[in-house]
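Everything below concerns the one structure shown next.
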Amino acid sequence: MHWQKRRIRMNNCRALCAIVTAVLVVGVLDISSAFVIWWQRGVALQRGLQGIAAGLLGTKSFEGGMATAGLGLALHFFVVFLMVSVFYLASRKMLFLTRQPFVWGALYGIGVYIVMFWIVLPSAFPTFRHRVTNDLPQLAIHICLIGLPTAFIVRRYSKATDPSS
């Protein structure tokens with residue numbers, strides 16, 4: 001009985017470590033890519049972060065100073081938490097996700113891109129338009145900086161629970 005409780009605690013710790021590590025790594029990688037893109041386009045970091053918050057607050061976000069920029073950063077990490085958690089929870093039922101992290105991480109990155117750029121952004125910003133010059137780099141970012149790191153980090157923390165990995 002005692003060993004079962006200990007095993008449950010260890011699995012919970014692995015889950016927490018996997019999710020927290022992936023959220024931090026993926027969140028920093030993704031927001032860093034946004035910072036670079038904003039810099040290339042001459043968009044101030046505060047305004048870019050306020051733009052994230054505008055998905056929730058509308059154009060009032062741009063009047064909120066650092067508070068709405070902070071909200072934008074928090075929203076970014078919340079969305080990353082959701083993305084990572086979905087992959088982690090799916091990997092508990094579909095063990096192949098951690099057995100082939102390169103394949104499934106790349107496909108997950110594509111899936112996240114599709115959800116964000118074809119559903120979330122057009123819903124939050126009705127004037128959002130697709131452009132090949134934006135979509136192709138974003139697809140690469142979602143594969144390389146979101147999908148792959150998520151899959152490899154989840155795999156790293158899943159090895160002790162999945163005897164076939």
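The values are calculated or read from the model by the stated rules, or taken from the named source; none is laboratory data. Quantities reported herein were computed from a predicted structural model and do not represent experimental measurements. Here Cβ is always computed from backbone atoms with ideal geometry, including for glycine, and neighbour counts include all displayed protein chains. Surface accessibility is based on the protein's heavy atoms, side chains included, excluding ligands, DNA and RNA. Shrake-Rupley method; radii C 1.70, N 1.55, O 1.52, S 1.80 Å.
Brief remarks follow.
- Qualifying residue in the stretch 112-134 (condition: out of contact with any Ser or Thr (no Cβ under 9 Å at 6 or more places or on another chain), open to solvent by less than 20 Å² (accessible area, probe 1.4 Å) and touching a residue at least 40 places away in the same chain (Cβ under 8 Å)): no
- For the stretch 37-45, the criterion of being small (Gly, Ala, Ser) and on the phi < 0 side of the Ramachandran plot is satisfied by at least one residue.
- Checking the stated criteria, Ala74 turns out to be loosely packed, with under 14 Cβ neighbours inside 10 Å and aliphatic (A, V, I, L, M).
- Selection status of Ser85, over 23 Å from Phe35 (Cα atoms), part of a helix (DSSP H, G or I), out of contact with any Pro (no Cβ under 7 Å at 6 or more places or on another chain) and of a type outside the set (Val, Ile, Thr): yes
- Top-ranked residue of the stretch 91-137 - restricted to ones that are out of contact with any Phe, Trp or Tyr (no Cβ under 9 Å at 6 or more places or on another chain), hydrophobic (A, V, I, L, M, F, W, C) and in a loop (DSSP other than H, G, I, E, B), ranked as modelled with the lowest pLDDT: Phe125
- Residue match in the stretch 86-107 (condition: without any contact (Cβ under 8 Å) to a residue 40 or more places away in the chain and open to solvent by less than 20 Å² (accessible area, probe 1.4 Å)): no
- Matching residues, the stretch 11-65, being under 22 Å from Pro137 (Cα atoms), small (Gly, Ala, Ser) and part of a helix (DSSP H, G or I): Ala22, Gly27, Ser32, Ser33, Ala34, Gly48, Gly51, Gly55
- For the stretch 12-66, the candidate set comprises residues that are polar (S, T, N, Q) and surrounded by 15 or more Cβ atoms within 10 Å (Cβ to Cβ); within that set, the residue that is nearest to Val154 (Cα to Cα) is Thr21.
- For the residues Arg131, Arg92, the requirement of being more than 20 Å from Val23 (Cβ to Cβ) and out of contact with any Lys or Arg (no Cβ under 6 Å at 6 or more places or on another chain) singles out Arg131.
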